[in-house]
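Here is the structure we will look at.
The values are calculated or read from the model by the stated rules, or taken from the named source; none is laboratory data. Just so it is clear, the model here is predicted, and its values are computed rather than measured. Because the Cβ atoms are built from the backbone with ideal geometry, glycine has one as well, and the counts that use them run over all protein chains shown. What goes into the accessible areas is simple: the full protein's heavy atoms, side chains included, and nothing from ligands, DNA or RNA. Shrake-Rupley method; radii C 1.70, N 1.55, O 1.52, S 1.80 Å.
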Amino acid sequence: MTLETLERVQTMIDVHCHLNFHAFRRDYDEVIKRAFEAGVTKIINVGTKIDSSEKAVELAKERENLYTIVGIHPHHADKVTIPSHHGGKPRVTRRPIGSHGDSIASLQNDNADWVEKLEELAKDPKVVAIGECGMDYYRYKSNEIVDPILQRRIFIKQIELAYKLKLPLQIHNRQAGKDIIDILINHKSYLINPPGMFHCMSGDITFLKKVLDLGFYVGFDGNITYKGIAKGETTDLKDLVRYAPLDRIVVETDSPFLTPEPHRGERNVPEYVIIVGKYIADLKGIPFDKVDEETTKNANYLFRLSF
Ligand SMILES: [Zn+2]
Ligand SMILES: [Zn+2]
């Protein structure tokens, strides 16, 4: 047997990054090229609102092995409008009285029929899922918690859209796992098979079990290399990695965020998905080749990336 037949070619797929963000405005082509040279075979670029979703679609159009997910992140749930249920003019969503940062600005900036716009974008053949959508109850320095009622409505609209287009969901969850599971159970008939994935998995083992029971895949990022337990969490991400079965894991970077060790502090890039994959292999005590092979198979299957 020659060396060539022994060596498997690496095939890692980054299922969640944001090359459409400002941090990459100058060099995304270079970053994509470097990732492919490093052994990454496919990259999925994710939108978080209408304009970044548009940008992601535009980037994927011209480039091979670059795919797109379009959606509204819960942080932006208060910046879109919901078409009126009574027909006629779309209605601007408002935060409850007493909350700040409301209305006039959003009225001017909003895309009144965001669902239709998202649907239009999602019909592009390079769009492989709806997301990142979901719920987020974490109090960030830069982002107040968006009214949970709004978050919920925007999330449900996207579950319905994913069902209509027969696309999987890519779900963002931070400290909102219970509510997300409740919503998904209430909308079980709207979930396709497989229904999608939870990106940047966090939470405890009980939550992970529920996610797996509903048929979802789970994505891990560079933060699994960080020491200790993140603020507000109860379970070490390393334990979630050990518990999650390999046939349900996909690997991601969330670039430019969540840079893995030993590069923490720098801008994250899709080629570091290989570092995350190797770290998963170490945590599970299995060869990296196995992680590479299985997680690539999972991503190709979940997002139907074989074209
Ligand atoms: Zn996210
Ligand atoms: Zn993200």
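Per the Debye formula on identical point scatterers at the alpha carbon atoms of the chain, with no solvent, log10 I(q)/I(0) at q = 0.06, 0.09 Å⁻¹ is -0.19, -0.43.
Each peptide in 36-48, 141-153 gets a packing score, the mean of other Cβ atoms within 10 Å over its residues, and the list from highest to lowest is 36-48, 141-153. Counting only lysines at least 8 places from Lys166 when in the same chain, those with an alpha carbon closer than 23 Å to its own are Lys42, Lys49, Lys55, Lys61, Lys117, Lys123, Lys126, Lys157, Lys188, Lys210, Lys297.
What is the Å³ per residue value for the convex hull set by the Cα atoms of segment 152-286? Provide the component values of the computation, followed by the final result.
Numbers: hull volume 15.5 nm³, N = 135.
Output value, Cα hull per residue: 115 Å³.
Here the Karplus curve 6.51 cos²θ - 1.76 cosθ + 1.60, taken at θ = phi - 60°, turns the phi angles of segment 22-36 into couplings of 3, 4, 10, 4, 8, 9, 4, 5, 5, 5, 5, 4, 5, 5, 5 Hz, with x standing for Gly and Pro.
Using a probe of 1.4 angstrom and keeping all protein chains present, the accessible surface of segment 20-81 works out to 41 square angstrom per residue.
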